[in-house]
């Protein structure tokens, strides 16, 4: 999609959110944002061309806050860094879903030649905390979860989906690791606050596999 079309499409969606937020009946307005809005830095600190996805997500966060301030609704932003669950969309485009499919087929190939770290939480847990926190007041929640590198993730997926799956990867250069994840502290604090026992990674894999594979 050309950049201008992408920007226009996203801003139109944001304006729908603003419209809904300003309806007289709206008490809470919740949107799903992304870690890309603030990683590796605040996306609005650079030109939109550098990070269009993150820029527009960050822009939407601000637009929601402005709209809510005018209407009196409570704004809730859920920054979904890496999400698991049975309803994950386009699983082949993400490490967790694609590895589940590959494990089921018998072989997982990790293409990254540098370490890649992620944290996963169930989408419904993130949503539940957002609704709970929204009852208290405006908030932004960063998803968290157990920190895992792709080699470990692959091994744990194989253990759940197909223990006979072969895992392969070329030699890894430990320099310049890909660390697209929150520090996890915000997520841990909120889980304790609401007495939520966040689902462990192996169970998340099992639940996600049910949706991706249609069984398990």
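The numbers here are math on the coordinates, done by the rules we state, and not lab data. Note that the structure is a prediction, hence the values are computed from the model and not measured. Here the Cβ positions follow ideal geometry from the backbone for every residue, glycine too, while neighbour counts run over all protein chains shown.
Please report Rg over Rh for the chain, where both radii come from the alpha carbon positions and Rh follows the Kirkwood definition.
Ratio of gyration radius to Kirkwood radius for the chain: 1.00.
Based on the mean of other Cβ atoms within 10 Å per residue, sort peptides 1-8, 75-82, 121-128 so the most packed one is first.
Numbers: 1-8: 10.6, 75-82: 22.5, 121-128: 19.6.
Going by the mean number of other Cβ atoms within 10 Å, highest first, we get 75-82, 121-128, 1-8.
Name the shape class, rounded, prolate or oblate, that the alpha-carbon gyration tensor gives for region 97-140, where a ≥ b ≥ c are the square roots of its eigenvalues, rounded holds for a/c under 1.5, and otherwise prolate holds if a/b is larger than b/c and oblate otherwise.
oblate
Relative to the longest principal Cα axis of the chain, at what angle does helix 52-71 sit, 0 to 90 degrees, rounded to 10?
40
When a/c reaches 1.5 or more, the comparison of a/b and b/c decides; with that in mind, is region 2-62 rounded, prolate or oblate per its Cα gyration tensor?
oblate
Tilt of helix 3-21 relative to the longest C-alpha principal axis of the chain, in degrees (0 to 90, nearest 10)?
60
Could you please state, rounded to a whole Å, how far the C-alpha centre of region 53-72 is from the C-alpha centre of region 155-216?
Rounded to whole Å, the Cα centres lie 30 Å apart.
Can you compute the modelled spin-label distance between residue 131 and residue 159, with each label point 7 Å from Cα toward Cβ, in nm?
Here the modelled spin labels are 3.2 nm apart.
Work out, step by step, the length gained on full extension between residue 25 and residue 192: first 0.36 nm times the residue separation, then minus their alpha carbon distance; give nm to one decimal.
Taking residue 25 through residue 192 to full extension adds about 57.0 nm, to one decimal.
In degrees between 0 and 90, to the nearest 10, how far off the longest principal axis of the chain does helix 95-105 point, with axes built from Cα atoms?
Around 30 degrees separate the two axes.
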